[in-house]
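Working notes for the structure below.
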């Protein structure tokens with residue numbers, strides 16, 4: 001449940017909201033990988049649903065990281081300067097993730113045969129990186145984010161997304 005009365009109350013649990021977003025993104029990636037597992041090996045025409053799901057996931061993950069970079073990370077760098085080295089490490093991870101997302105989007109192409117093995121390898125690498133990245137980010141930032149009760153803005157402005165409900 002997200003508090004939503006005053007701006008301070010909305011941000012009281014922004015760190016917890018980040019965890020919810022990470023859980024949702026992780027579940028979506030697992031579902032995407034499972035859907036890809038149902039696709040024949042080698043080249044095959046990707047289903048529209050698989051392509052759409054993959055592109056939607058890539059866009060959501062990119063939006064989350066871009067939102068963190070421009071929102072939460074900037075605020076934390078100002079408010080909690082001792083976190084700057086952590087934030088710098090996370091920014092590097094975001095760049096690596098963006099590279100993987102770009103390769104996945106390129107592999108999906110427009111109505112080209114799907115190189116299933118390559119897409120699966122990219123998504124497997126992404127899953128491993130995100131597992132580590134999300135845990136590190138949560139361990140280092142949740143408390144600091146939850147302490148941002150007096151900052152203007154919304155969790156979506158700080159994190160790029162809100163966790164879907166239901």
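Worth pointing out:
- As computed over region 7-141, the Cα convex hull volume per residue (Å³): 103
- Using the average count of surrounding beta-carbon atoms within 10 Å as a protection proxy, the listed peptides 64-77, 16-29 rank, highest first, as 64-77, 16-29.
- Residue 66 versus residue 157: modelled label distance in nm, points set 7 Å from Cα along the beta carbon direction: 1.8
- Under the simplified labelling scheme, the residue 49-residue 84 pair shows an inter-label distance of 5.0 nm, with each label point 7 Å from Cα along Cα→Cβ.
- Residues in region 56-98 that a label on residue 132 would reach, taking backbone N under 18 Å of a point 7 Å out along Cα→Cβ: 86-98
- In plain terms, the chain from residue 95 to residue 117 could stretch by 5.6 nm, reckoned as 0.36 nm per residue minus the Cα-Cα distance.
A short reminder: the numbers here are calculations on the coordinates, not readings from a lab. This structure is a prediction, so every number in the text was calculated from the model and none was measured. FYI the Cβ positions are ideal-geometry reconstructions off the backbone, even for glycines, and counts take in every protein chain you see.
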